[in-house]
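Asks: I'd like to ask some things about the structure below.
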Amino acid sequence: MPTELKASKYRCPKCGSGDFAITTTRWTCGSCGQAYACSAGIPKLFLDETLGAQDRKLRDTLYDGLFGRLYQVTMPAIVMPVRPLSMSWPYWSAFAVVWVVLLGLVAAVVRAATSPHGLVLGMISLAVLVLIALFLAKQRYLLHLLWVAVPAWLSLARRPFSPAESFPQVHERVLAPLRAAGRRLQVLDVSTGSCNSLYRHGWMSLDADYTAIDLSETMLKQGSDMMSDAGVPVDLVLGDAMALPFQDGQFDVVTSYGAVNGLTDPPKAIAEMARVAKPGGVLLFLDEQMYSDPTPVERAYFMRVLSAHNVIHRCPVEAFPPELTDVRVSQVYQFYYICTARKAGG
C-alpha cells in the first residue's frame, strides 16, 4: 500500500507538485502521474532526458561503476601534489610502484626486440602496455598526472601558500552562528558523492536534519553506507543539481564540495541552490580555482589534472543570482576556493 506524502519538501521534476504516493520501489507524483523508480530505496527524482551532457558524461565515465567504487583511492591520488607528505605518502608509494612497473614492461619489450631470449615475456609486456595506453587515452588526466605530479609537488613545496582565510576558518565563520540558531536546521548537500564532506567538515555539530543529493548511484550508495555506519540519519536522493527536486525555500544551509565547476551549467546550479535555500539561508561551496601566482608546471597540473573535467576553472561570482548577498570568495588552498553567500530576506 503506497504511503501518501503531501506538501513535502520534495517536488516533482516534471510538474513541481509536492504530493507523492510512495512505495519502496517507486515514487509517483500525485498531480501528473510521473513515476520515479527507487534504487535500494533511494528515489531517482530526475528526468533522464533533461540531464546536461556534461553531467551525464561524468556520471557514466567517472562516478558510476568501477571508477565510482575506486573514488576514495583515485581522488586522493589526484591531489597528492598539494597534500602534505604525512597524508599522501601511501599514494606516492603507489605512484612509484606504477612507474617501476611501466619501466619494467618497457624494458621487457626492448629486450625482446633486441634479443631472441624473452620473446614471450616481451609480447605479454607489449600487450599490457597497449592496454594501459588505451586506458590512459580515455582517462588523460591520469596520463598527465604521471609526468606532472613530481614537478608540481616540488614547485608547490618550494613556495608555501598562506591563505587570508583558511579552510577551517571559513567553516567556523559559517558554523558558529548556525550552532546558536536555537532551532532545528535543515541542511542540504548538493552533489554529495560519498557524503564524506558533509560528514567531516563540521556540519554534524549542528542540530539539524540532513538531506544529500547526487546523480551517481554508485557514489550515493557509498554515502548511504558511510552515514549509516556513523549513525547519522540522512534523506538521500538521486537527482540533478541543475533541477533540484525540492520546493522553494526549504533549507537553512546548502553546501556543495567539488561539483559546481564541473556541471553543465554552473550558474544554473548555483541559482537552484539559492532557490531551495530559505530567506536568510547560507550557501557554501568549494571547487577548483588557481591562486594568483602559479608557475607553468603548477598551471599544467591544474588544467590537465585537477580541473581537467571542469566546464569553468574559477568561481563564477559574476553570474550569481541577485538574491545572493554577502558573497565572499576565499582562496583556501593553491587550487581551491570556498564561496559563501546568504540568501536575501529572513
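Asks: Cβ contacts < 7 Å: first residue in contact (Cβ under 8 Å) with a residue 60 or more places away in the chain, restricted to the range 271-283; second residue aromatic (Phe, Trp, Tyr), any location; separation 6+ or different chain. Result?
Replies: From the range 271-283, the pairs are 276/246; 276/251; 277/251; 278/251; 281/251.
Asks: Continuing with this model, one more query. All but one of (1) touching a Leu at 6+ places or on another chain (Cβ under 9 Å); (2) modelled with pLDDT of 95 or more hold for residue 19; which doesn't?
Replies: All conditions pass for residue 19, except number (2).
Asks: Any idea which residue in the range 289-299 is surrounded by the most Cβ atoms within 10 Å (Cβ to Cβ), counting only those that are within 22 Å of the chain's Cα centre (by Cα) and over 19 Å from residue 265 (Cα atoms)?
Replies: Going through the qualifying residues, I end up with 298.
Asks: What number of residues within the range 300-346 satisfy the criterion of being among the charged types (D, E, K, R), over 23 Å from residue 166 (Cβ atoms) and under 18 Å from the mean Cα position of the chain (by Cα)?
Replies: So the count comes out to 1.
Asks: Do you know which of the residues in the range 91-120 that are hydroxyl-bearing (Ser, Thr, Tyr) and more than 24 Å from residue 147 (Cβ to Cβ) is farthest from the chain's Cα centre (by Cα)?
Replies: So, considering only residues that are hydroxyl-bearing (Ser, Thr, Tyr) and more than 24 Å from residue 147 (Cβ to Cβ), the one farthest from the chain's Cα centre (by Cα) is 115.
Asks: OK, next. Would you mention how many residues in the range 324-337 are closer than 17 Å to residue 83 by Cβ, touching a helix residue (DSSP H, G or I) at 6+ places or on another chain (Cβ under 6 Å) and in a strand (DSSP E or B)?
Replies: The qualifying residues number 1.
Asks: Out of all the residues in the range 64-93, which are assigned to a helix (DSSP H, G or I), within 25 Å of residue 159 (Cα to Cα) and free of Cβ contacts under 8 Å to residues at least 24 places away in the same chain?
Replies: 75, 76, 85, 86, 87, 88, 89, 90, 91, 92, 93
Asks: Right, something else. Criterion first (surrounded by 12 or more Cβ atoms within 10 Å (Cβ to Cβ), at negative phi and in contact (Cβ under 8 Å) with a residue 40 or more places away in the chain) does residue 149 satisfy it?
Replies: Here the answer is yes, as residue 149 does meet what is asked.
Asks: Let me ask something else. Quick check on the range 314-321. Is at least one of its residues in a loop (DSSP other than H, G, I, E, B), over 30 Å from residue 139 (Cβ atoms) and free of Cβ contacts under 8 Å to residues at least 60 places away in the same chain?
Replies: Yes, that holds for at least one residue.
Asks: Any residue in the range 257-278 that is aromatic (Phe, Trp, Tyr), surrounded by fewer than 23 Cβ atoms within 10 Å (Cβ to Cβ) and not in a strand (DSSP E or B)?
Replies: no
Asks: As an exercise: evaluate residue 327 against (1) surrounded by 17 or more Cβ atoms within 10 Å (Cβ to Cβ); (2) touching a strand residue (DSSP E or B) at 6+ places or on another chain (Cβ under 6 Å); (3) closer than 17 Å to residue 170 by Cβ and give the number of the one condition it does not meet.
Replies: (1)
Asks: For the range 74-117, how many residues are within 21 Å of residue 335 (Cβ to Cβ), surrounded by 12 or more Cβ atoms within 10 Å (Cβ to Cβ) and among the hydrophobic types (A, V, I, L, M, F, W, C)?
Replies: Residues flagged as within 21 Å of residue 335 (Cβ to Cβ), surrounded by 12 or more Cβ atoms within 10 Å (Cβ to Cβ) and among the hydrophobic types (A, V, I, L, M, F, W, C) within the range 74-117 amount to 9.
Asks: Counting only residues that are of a type in the set (A, V, I, L, M) and under 22 Å from residue 99 (Cα atoms), give me the helices (runs of 4 or more DSSP H) lying completely in the range 125-238 with at least 2 of them.
Replies: The helices (runs of 4 or more DSSP H) meeting that bar are 140-158.
Asks: With the requirement that a residue be under 12 Å from residue 238 (Cβ atoms), assigned to a helix (DSSP H, G or I) and touching a residue at least 40 places away in the same chain (Cβ under 8 Å), what does the range 23-63 give you?
Replies: 59, 63, listed by residue number.
The values are calculated or read from the model by the stated rules, or taken from the named source; none is laboratory data. Keep in mind that what you see is a predicted model, and the values were worked out from it rather than measured. Note that each Cβ is placed from the backbone with ideal geometry, even for glycine, and that neighbours are counted across all protein chains shown.
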